[in-house]
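Novice: Shown below is the structure under consideration.
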Amino acid sequence: MKSLIQLRVNGEDVAVAVPQAWTLLETLRYALGLTGTKQGCDKGDCGACTVLVNGKPTLSCLTLAHATRGEVTTIEGVATPEGPDPVQRAFDVSGALQCGFCQPGMILSAKALLARAPEPTDAEIREALSGNLCRCTGYTKIFEAVKLAAAGCERHVPMKYGAPAEGFEVIGARGRKADSIGKAMGTTIYADDIQLPRMAHGKILRSTEAHARLLSVDTSAAEALPGVFAVITGADLPTAYCIIPWTPDETALAVGKVRYIGEGIAAVAAVDEETANRAIAAIRVEYARLPNVSDAAAGVAPGAPLVHEVDWKGRPWESNVCKEADLRFGDVEAGFARADAIVEDRWFYEGSNHAAIEPHCAVGQWSADGRLTVWSATQVGHYLHRELAKVLGLRTEDVRVIQPAVGGAFGAKSEPFDLEFCVAALSRRAGRPVKILYTREEVFYAHRGRHPMDMAFKVGATKDGRITAVESDILIDGGAYHSFGLVTTYYSGQLLTGPVGFESYHFRSRRVYTNKPCCGPKRGHGSVQPRFAFECAVDEVADKLALDPIEMRRVNVVSAGERTVNGLLIPSSGIVACLDAVERASDWKKRRGKLPYGRGLGVATSMYISGTAYPIYPNEMPQSGVLLRADRSGRITVFCGANDIGQGSDGMLAYIVAEETGVSPDDITVVSGDTELTPVDLGSYSSRVTFMCGIAAQEAGRAMGAQMLAAVAKAWGVDEARLRRGFGVYMDREDSGRQVSARDALVLAEAAAGTPLSTAGGYRTRKVGGDYRGGTIGASPAYSATAHVCEVDVDPETGIVRVERVWAAHDCGRALNPQLVEGQIEGSVYMGYAEAIMEAHTFNAQGLHSGPNLLDYRIPTSKETPDLIAQIVESLDPGGPYGAKEAGEGPLHPIVPAIANAIADAVGIRLRRIPFTPDRVLAAIRAGRA
Amino acid sequence: MLRMDGFSYVHAASWPEALALWSAHPEAMYVSGGTDLLPNVKHGLFKPRTLVGLSGIRGGVDADSDRVVIGATTCLDEVASNPIIRAMLPPLAQAAALVASPQIRAMGTLGGNVLLDTRCLYYNQTEFWRRSLGYCLKADGTWCHVVGGPKTCVAAQSSDTVPVLLALNAVLRLIGPGGARELPIRDLFRFNGMDHLAIAKGELLTDIVVPTPGPGFVGSYTKLRTRESIDFPQLGLALCATLEGGTLRSIELVLGAVNPQPKPIRGLEAFLGCSLDDAAIDAIADLVFKQTRPQESIAGDAPWRRQMAAVFTRRALVAVRAAGAA
């Protein structure tokens, strides 16, 4: 029932005909094209859709368009012709915008706050923003942005506004991100913002059974519905795939059997989403139910039903263990025999979802010549390109993947998903573009989140604190498919061996198929779980030996230039400086163990890879490529396949090219994440982008800078050695009056070259890692180091744990832009805090998710999130660009054990299972169990 | 995105018009703030053919020496910030300020919060999820997954303001196809999660009338939840009492989010005339513990929530004792 309504939006009267059941959100986005208002949770749980109605923050997803009266203000209505609103600029300048997806709503809530409280207190800010969930920032930079806006923020600020590191012009300076002002304005295009002419809407029919044979899938009634353009089933896309090419055990839609509730069975494309929903409801599926495997322990029990009967080579599976790693380094038995104290126990790490605020979305379109374009919210455009070609049976030459802005990922979007294959197949059949946008529920079924791990750990140390032996036996709940499972299984052992080292090590890890959504790589892939167990065990050993936990860690550090027990070479490490920093900041020596009952401090450490030394599929080509194109305009365009998922890789590329050429970062355009326009980069995973794309950008930038320098020297008829570059000009060392701007240097260079200016750079794999089976997994060109201390308040009557503040010191090599590094640290700590305190991705015995929505699956709001104090430590890495290494994943690891250790300090209990829910804490306090 | 489909919308400018529109449209439902109703429509729990919008009917707060009258369409943020309510009924302002998130308080109304549907982990889910489960007693099915039986639905009363309004002995003004009437809020609720409201089809809540507490009034609302925003209560405790120099002259304790109906604590009259000393506080907390039986229909371990009822009671009484002494 479409009918006309009159709305007043951003000061304009508009008349629009929309169905009476449409919300204001649907009307703004899909009828008026005001796509700055975002959709995250479907039903009022996340705040991304916040607009102002008569000045009040309002959830447009729960407001009927036909019921709306009065003045509606969306993010597009906030700026004026003079430029961005000061609040928008403050968010941009403060680094408050990472993925940017929650920010239009957040900015409008901030606007409403500042309208009624021009100088808000911290508590008022936290309260006013508490209905807007952010998954990237830990809210820290958002609070700073609101304060900056209240204090007054310039409308126009250059991209680089801070002071650079010594000896540099751009590197080390605080600065804005390449794309953040667009996000603050609501103009940045995300996948669901794409509207193509004649575009159809797809939906995927999902299994209501956790484990069943598919007897029949009858799509005839759906095909007969008016407005339905195409229907496909698993039989249309039978080619198996996997992000890891060795283990292709998954198809785009189920073939023969379903293995979890929520698995795709069929897909439709129709004139609108409502019709598509009716069409999938009309598909009849006949199941023959099979007994389901509910968790890893059930999966390895004798007589357990098999989730997969045969593997990708047709070999029968004998059990549900889909990957086992069992590695020994040194003499573990002798190590324990020498130990003066041994801690042996079991820890359990619960699963969790990434819960990026943007749900997955993809759009497919075919050209008249049979070439496919897919726009997708992906963090691995290159791998998606390859898998689309494989599954659709196309030449890679005929596939193009474009990554629009991504509204948060954290590993959730790091492999191909059913919707990408379905938009491709449906749009081919329908002869028109097709979009599929997941509901929040579907995001939880797509999952690929943190693996639940049941971990037996044994740690022994001598009286002086030296760790002599570590042994672990880990059972990993993998879900229905392999995903990155081969890597996960190795990571659960391989990445534990620093920065706190040990003399001997044995780990066995087994990943088990279960009838649940597939687990995968969530931020800190595979290593967050054992890190929890290990760092808690180390604390307990320290207790037994009456050693200070920080001191005990210092005794065992693996220093720069050393190898870990499993053969990983650590080229640089700032772990001691990190420990010193958090020890000092938390006043550890005076307070740890001495605070009143209920208050405690805890420490933990971690390291993480800066990219994997080897690509996912073996090849000799560069892991990352950068092309620069420049001309007489003075502007340089950077082309790179890197997927900016909010972390700021586009900005990083611009800073590096600016550093190397003298061109201002404001005069650099970055084109990224388009397989047809940009050179290959393998994607945003394993914390590889700054390190590898950074090297590629540095190489390309240096080549461009050299051409510019040579052209100036030639024009002046002087030796190149006489020239120097600085502050955006090229000058003569011997005649300080003689100088040209970078722009004029480009003019000279273009003239000298006689061709358009173009340079290239690449990151080539260096051979590193242990010389044993599995020794390449976990091998990285560089490792970050992190130490956290956190302070908790435990209410002994309720069991409620309040994490008051976290001091997080992270060694990122060199901070190319400290503001972005801080943002990564804060966001990581936030995400780990959430896992420790509240998140639990759980299922009932039948394999049904316990609450696939953002009301039942709780992620922290601005109110309970602790004060996050990020401290950057720089141990320059010899292999990284300007010494840089990763910052996006390492800082997540220590917070979980640090909280557990702080709870032990506060109330004397050792918690070995996350999340630390108040009922568990209270029960442990009452049991008096230490 | 979860889409809604298949209903028309009509906008009412007054209570009589709303009633007339409801009567004129089969299978109609009222919608005010929409923050409770629309998620249920999106989940396929309600399938109205017409929604009658009440957002055009102005709310407001009025008071005389005996009572405070709050229009049902008054938004929760206004209830929280209204100077009359803050001065005369502080626990109500406190409860309204603790509902969900700032946006939901700006949209949701006090009337909607009073009539909030009961909530359950097995009920407030999508149609797909509930089909995978095999549905539940409250919607489309025959089995309660909480108690494991075919008879009783224990979906939880989840409003923050209801326990306070019960403790304050509020009276509801209703109009309906059968005329106007007044209903003490104590008589509104039934121990039946499927059908927890004793109101007739088409009846509209127009005003909430709260008797003004007398001198010596102290009160509070305490909310248990995982996050400090957005979440529904896992337990709510309303305390309204009158203290005269340290002596208890009246006391009402009402728990929310434990059962399908709010839970007034019985037997408190034994403490009237007593001094609110530590022994009395412990005895009252003990009484609350004995009478509280939270169900696993919502988040939070039920035995723990029961223990928290006692802890909250003790803390609330200690706080009002301090406030009364001040």
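The values are calculated or read from the model by the stated rules, or taken from the named source; none is laboratory data. As the structure is a prediction and not an experimental result, all values here were calculated from the model. Every residue, glycine among them, receives a Cβ derived from its backbone with ideal geometry; neighbour counts consider all protein chains shown.
Novice: Can you pull out the residues in segment A:5-33 that are of a type in the set (D, E, K, R) and more than 10 Å from every other protein chain (Cβ to nearest Cβ)?
Specialist: A:Arg8, A:Glu12, A:Asp13
Novice: Here is a follow-up. Does at least one position in segment A:74-92 carry a residue that is within 14 Å of another protein chain (Cβ to nearest Cβ), among the small types (Gly, Ala, Ser), touching a residue at least 24 places away in the same chain (Cβ under 8 Å) and not in a helix (DSSP H, G or I)? Before the answer, list the steps.
Specialist: Going residue by residue through segment A:74-92, those that are within 14 Å of another protein chain (Cβ to nearest Cβ) are none.
Looking through segment A:74-92, none of the residues is within 14 Å of another protein chain (Cβ to nearest Cβ), among the small types (Gly, Ala, Ser), touching a residue at least 24 places away in the same chain (Cβ under 8 Å) and not in a helix (DSSP H, G or I).
Novice: If you don't mind, there's one more thing I want to ask. Out of A:Thr73, A:Thr140, A:Thr121, A:Thr80, which single residue is closer than 26 Å to A:Arg174 by Cα, surrounded by fewer than 24 Cβ atoms within 10 Å (Cβ to Cβ) and of a type in the set (Ser, Thr, Tyr)?
Specialist: Numbers: A:Thr73 fails: closer than 26 Å to A:Arg174 by Cα; A:Thr140 fails: surrounded by fewer than 24 Cβ atoms within 10 Å (Cβ to Cβ); A:Thr80 fails: closer than 26 Å to A:Arg174 by Cα.
The unique qualifying residue is A:Thr121.
Novice: Does segment A:106-115 include one or more residues that are without any contact (Cβ under 8 Å) to a residue 60 or more places away in the chain, in a strand (DSSP E or B) and on the phi < 0 side of the Ramachandran plot?
Specialist: For segment A:106-115, residues without any contact (Cβ under 8 Å) to a residue 60 or more places away in the chain, in a strand (DSSP E or B) and on the phi < 0 side of the Ramachandran plot: absent.
Novice: Can you tell me which residue is nearest to the other protein chains (Cβ to nearest Cβ) among those in segment B:84-98 that are over 17 Å from B:Asp66 (Cα atoms) and out of contact with any Ser or Thr (no Cβ under 7 Å at 6 or more places or on another chain)?
Specialist: Here the answer is B:Ala97.
Novice: Oh, and also: Inside segment B:138-163, can you point out the residues that are surrounded by 17 or more Cβ atoms within 10 Å (Cβ to Cβ) and among the hydroxyl-bearing types (Ser, Thr, Tyr)?
Specialist: Selection gives B:Ser158, B:Ser159, B:Thr161.
Novice: Answer yes or no as to whether A:Val663 is of a type outside the set (S, T, N, Q) and touching a helix residue (DSSP H, G or I) at 6+ places or on another chain (Cβ under 6 Å). Even if it seems obvious, please write down each step before you answer.
Specialist: Working: of a type outside the set (S, T, N, Q): yes; touching a helix residue (DSSP H, G or I) at 6+ places or on another chain (Cβ under 6 Å): yes.
Yes; evaluated as a whole, the condition is true for this residue.
Novice: Could you check how many residues of segment A:852-895 are among the charged types (D, E, K, R), within 14 Å of chain B (Cβ to nearest Cβ) and over 30 Å from A:Lys516 (Cα atoms)?
Specialist: 2
Novice: Now for a separate question. Go through segment B:233-262 and count every residue that is buried (at least 22 other Cβ atoms within 10 Å of the Cβ), touching a residue at least 40 places away in the same chain (Cβ under 8 Å) and not polar (S, T, N, Q).
Specialist: Final tally of qualifying residues: 16.
Novice: Next question. Could you tell me whether A:Tyr833 is more than 10 Å from chain B (Cβ to nearest Cβ), hydroxyl-bearing (Ser, Thr, Tyr), touching a residue at least 40 places away in the same chain (Cβ under 8 Å) and within 30 Å of A:Glu562 (Cα to Cα)?
Specialist: no
Novice: Can you tell me how many residues within segment A:34-66 are outside any loop (DSSP other than H, G, I, E, B) and either facing chain B (nearest Cβ under 7 Å) or in contact with a helix residue (DSSP H, G or I) (Cβ under 7 Å, 6 or more places away or on another chain) (or both)? Break it down stepwise before answering.
Specialist: Here is the first cut: in segment A:34-66, the residues outside any loop (DSSP other than H, G, I, E, B) are A:50-53, A:56-62, A:64-66.
Then keep just the ones that are either facing chain B (nearest Cβ under 7 Å) or in contact with a helix residue (DSSP H, G or I) (Cβ under 7 Å, 6 or more places away or on another chain) (or both); that gives A:50-52, A:56-62, A:64-66.
Qualifying residue count for the region: 13.
Novice: Return yes or no: is B:Gly6 within 30 Å of B:Trp129 (Cβ to Cβ), more than 10 Å from chain A (Cβ to nearest Cβ) and assigned to a loop (DSSP other than H, G, I, E, B)?
Specialist: Criteria not met by B:Gly6.
Novice: Does A:Ala898 meet the test of being part of a strand (DSSP E or B), away from chain B (no Cβ under 14 Å) and among the hydrophobic types (A, V, I, L, M, F, W, C)?
Specialist: No, not satisfied.
Novice: Also, I was wondering about something else. Given (1) more than 13 Å from chain A (Cβ to nearest Cβ); (2) over 30 Å from B:Trp129 (Cβ atoms); (3) over 20 Å from the mean Cα position of the chain (by Cα); (4) not polar (S, T, N, Q), identify the lone condition not met by B:Glu27.
Specialist: (2)
Novice: Looking at segment B:299-326, I want the residues that are closer than 21 Å to B:Ser275 by Cβ and of a type in the set (Val, Ile, Thr) and have a partner that is assigned to a helix (DSSP H, G or I) and modelled with pLDDT of 95 or more with Cβ atoms under 7 Å, at least 6 apart or on another chain. Which pairs are those?
Specialist: B:Thr313/B:Ile284; B:Thr313/B:Ala285; B:Thr313/B:Val288; B:Val318/B:Ile281
Novice: Same structure, new question: Report whether or not B:Ala299 is in a loop (DSSP other than H, G, I, E, B), farther than 18 Å from B:Pro215 by Cα, modelled with pLDDT of 95 or more and among the hydrophobic types (A, V, I, L, M, F, W, C).
Specialist: So B:Ala299 fits the description; yes.
Novice: Could you check, for segment A:162-182, whether at least one of its residues is among the hydroxyl-bearing types (Ser, Thr, Tyr), closer than 21 Å to A:Gly407 by Cβ and touching a Leu at 6+ places or on another chain (Cβ under 9 Å)? Let's see the steps before the verdict.
Specialist: Let us first name the residues in segment A:162-182 that are among the hydroxyl-bearing types (Ser, Thr, Tyr), namely A:180.
Filter again for closer than 21 Å to A:Gly407 by Cβ, leaving A:180.
Subset that is touching a Leu at 6+ places or on another chain (Cβ under 9 Å): A:180.
Within segment A:162-182 (the criterion being among the hydroxyl-bearing types (Ser, Thr, Tyr), closer than 21 Å to A:Gly407 by Cβ and touching a Leu at 6+ places or on another chain (Cβ under 9 Å)), the answer is yes, since at least one residue qualifies.
Novice: Looking at segment A:521-541, which of its residues are touching a strand residue (DSSP E or B) at 6+ places or on another chain (Cβ under 8 Å) and not charged (D, E, K, R)?
Specialist: Hits for segment A:521-541 are A:Gly524, A:Ser527, A:Val528, A:Gln529, A:Pro530, A:Phe532, A:Ala533, A:Phe534, A:Cys536, A:Ala537, A:Val538, A:Val541.
Novice: While we're looking at this one, here's another question. How about segment B:1-36: which of its residues are modelled with pLDDT of 95 or more, out of contact with any helix residue (DSSP H, G or I) (no Cβ under 6 Å at 6 or more places or on another chain) and under 23 Å from A:Asp272 (Cβ atoms)?
Specialist: Listed by number, the residues that qualify are B:Phe7, B:Ser8.
Novice: Just the residues that are under 21 Å from A:Ile436 (Cβ atoms) and out of contact with any strand residue (DSSP E or B) (no Cβ under 7 Å at 6 or more places or on another chain), please, taken from segment A:222-233.
Specialist: A:Leu225, A:Pro226
Novice: Let me spell it out: the conditions are (1) over 23 Å from A:Ala48 (Cβ atoms); (2) within 14 Å of chain B (Cβ to nearest Cβ), and A:Glu127 meets all of them except one. Which number is the exception?
Specialist: Here A:Glu127 meets the rest and fails (1).
Novice: Among the candidates B:Gln234, B:Gln307, B:Gln291, which residue alone is away from chain A (no Cβ under 14 Å) and not small (Gly, Ala, Ser)?
Specialist: Exactly one of B:Gln234, B:Gln307, B:Gln291 is away from chain A (no Cβ under 14 Å) and not small (Gly, Ala, Ser), namely B:Gln291.
Novice: Mind listing whichever residues of segment A:872-917 are without any contact (Cβ under 8 Å) to a residue 40 or more places away in the chain and on the phi > 0 side of the Ramachandran plot?
Specialist: A:Gly908
Novice: How about segment A:250-265: which of its residues are part of a strand (DSSP E or B) and either within 14 Å of chain B (Cβ to nearest Cβ) or without any contact (Cβ under 8 Å) to a residue 40 or more places away in the chain (or both)?
Specialist: A:Val258, A:Gly264, A:Ile265
Novice: Here is a further query. Condition (residue is more than 14 Å from chain A (Cβ to nearest Cβ) and either part of a loop (DSSP other than H, G, I, E, B) or over 16 Å from the mean Cα position of the chain (by Cα) (or both)) applied to segment B:45-56: is it met by at least one residue?
Specialist: So the first thing to find is which residues in segment B:45-56 are more than 14 Å from chain A (Cβ to nearest Cβ), and the list is none.
No - not one qualifying residue is present in segment B:45-56.
Novice: Could you tell me which residue of segment A:841-851 is nearest to the other protein chains (Cβ to nearest Cβ), considering only residues that are part of a loop (DSSP other than H, G, I, E, B) and touching a strand residue (DSSP E or B) at 6+ places or on another chain (Cβ under 7 Å)? Walk me through it before giving the result.
Specialist: Start the filter on segment A:841-851 by keeping residues that are part of a loop (DSSP other than H, G, I, E, B), which leaves A:841-842, A:844-848, A:850-851.
Checking which are touching a strand residue (DSSP E or B) at 6+ places or on another chain (Cβ under 7 Å) leaves us with A:841, A:850.
Details: A:His841: 14, A:Ser850: 7 Å.
My answer is A:Ser850.
Novice: Check A:Ala288, A:Ala297, A:Ala279, A:Ala304 and return the single one that is in a loop (DSSP other than H, G, I, E, B) and in contact (Cβ under 8 Å) with a residue 12 or more places away in the chain.
Specialist: Exactly one residue qualifies, and that residue is A:Ala304.
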